[in-house]
Every structure is written in structure tokens, then in C-alpha cells.
Amino acid sequence: MKIILKQDVDALGLEGQLFDVAEGYARNYLIPKGFALEATKQNVKFMESQKKKIEVKRLKAKEDAEKVKESISDLVITIAQKSGEEDKLYGSVTSIDIADYLEKQGIVLDRKKIRLERPIKTLGEFQVSVKLHPEVVASLKVVVVPQE
């Protein structure tokens, strides 16, 4: 089934692009969630007329992502956690913890943009990547220290 994306979808593509996907994926997920439209002649013409606006919006989003990258690239996040023997944590530090810390600093980020391969379960310093835009990836330094 041919569809037109109404917004960027990480696993698929960017807003305004035309794709051929499985019918079930389109009818059960993309279209009901508002991520896509069926590619009828009328919808294709409408998206063609919107290409300029989409391009301007995409450039603005990239510029905003660059600004956020500059603000968080020098930031060092220090999180205190209870730890046991051999510097292992009783719990773990997840993307939610990092997003909460950033929010307290006045930087609002969706936790899904914070790329942790697995939760942090030991004390130490870690580099965490943050995908702000399809073309902009920032790096955060996370330091996990023992809680007093």
C-alpha cells in the first residue's frame, strides 16, 4: 500500500515522503496513529503543495536541534545512586533519570531521544548519545557517584 508520511517516523522516513508499506502496517498503525495518509491522487497533490512549508519546518527543526546540542554538549550530569560492593548499583540509571535531571536544569528532552544501549548499573563516567534530529546527535557525559 502506498502512503505519504505526515510526520517523521524513525524507522521509516521523513515527513512528505512517499512509501510502499505492508497494508496491515499502514491500516493498523500508521494511518490510525496519524503518522501517514493513504497516497491518493488528492493527497499526493496536497503534499506536493506543502513541500516548501515542510522544507522550512525541517530546516528550523535542525537549527533548534543544533542550539540544544550546543547547550548540552558541555553539560556533565552527576547522578547519585545507592551502591554496593564492587561499585555496582542497587538499581540502575535509565534514560528517564537522565531526562528528569535535564528537566531540572531547564532542558526539556523526550526520553526516547536519549540513546542508552542498556541501563547504567555501575559507578563511573559514561558517554550517552542524544539523537535530537535525524542529522544531529549530541553527546552527554553522565557521572554516577555513590549516594551519601
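The values are calculated or read from the model by the stated rules, or taken from the named source; none is laboratory data. This one's a predicted model, so the numbers in the text were calculated from it and none came from an experiment. Cβ atoms come from the backbone with ideal geometry, glycine included; neighbour counts cover every protein chain shown.
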- Task: Sort out which residues of the range 104-133 are modelled with pLDDT of 90 or more and among the acidic types (Asp, Glu), and write them in order of number.
- Result: Glu125
- Scanning for something of a type outside the set (Gly, Ala, Ser), more than 26 Å from Lys60 (Cα to Cα) and either buried (at least 17 other Cβ atoms within 10 Å of the Cβ) or in contact with a Pro (Cβ under 8 Å, 6 or more places away or on another chain) (or both), does the range 134-141 turn up at least one residue? no
- Task: Show the residue pairs that are 6+ apart or on different chains and have beta-carbon atoms under 9 Å apart, the first residue being within the range 125-146 and basic (Lys, Arg), the second being surrounded by 14 or more Cβ atoms within 10 Å (Cβ to Cβ).
- Result: Lys131/Lys113; Lys131/Ile114; Lys131/Val137; Lys131/Ala138; Lys141/Leu75; Lys141/Ile77; Lys141/Phe126; Lys141/Val128
- Query: Within the bounds of the range 40-49, is there any residue that is closer than 30 Å to Glu15 by Cβ and either touching a strand residue (DSSP E or B) at 6+ places or on another chain (Cβ under 6 Å) or in a strand (DSSP E or B) (or both)?
  - Reply: yes
- Task: Could you look through the range 2-31, keep only residues that are touching a residue at least 40 places away in the same chain (Cβ under 8 Å) and touching a strand residue (DSSP E or B) at 6+ places or on another chain (Cβ under 6 Å), and pick out the one that is farthest from Lys52 (Cα to Cα)?
- Result: Ile4
- Note on the structure: Residues of the range 81-116 being surrounded by 13 or more Cβ atoms within 10 Å (Cβ to Cβ), among the basic types (Lys, Arg) and more than 13 Å from Val128 (Cα to Cα), in sequence order, are none
- Message: Name the single residue that is nearest to the chain's Cα centre (by Cα) among those in the range 117-133 being surrounded by 13 or more Cβ atoms within 10 Å (Cβ to Cβ) and among the polar types (S, T, N, Q).
- Response: Ser129
- May I ask you to say which residue of Lys60, Lys141, Lys69 is modelled with pLDDT under 90, basic (Lys, Arg) and either within 19 Å of the chain's Cα centre (by Cα) or not in a strand (DSSP E or B) (or both)? Lys69
- Task: Spot the failing condition for Gly34; the list is (1) outside any helix (DSSP H, G or I); (2) small (Gly, Ala, Ser); (3) more than 19 Å from the chain's Cα centre (by Cα); (4) in the same structural domain as Gly16 (by TED's automatic domain parsing), and only one is missed.
- Result: (3)
- Item | Matching entry among Ile96, Ile79 (being of a type in the set (A, V, I, L, M, F, W, C), more than 22 Å from Leu5 (Cβ to Cβ) and in a helix (DSSP H, G or I)) | Ile96
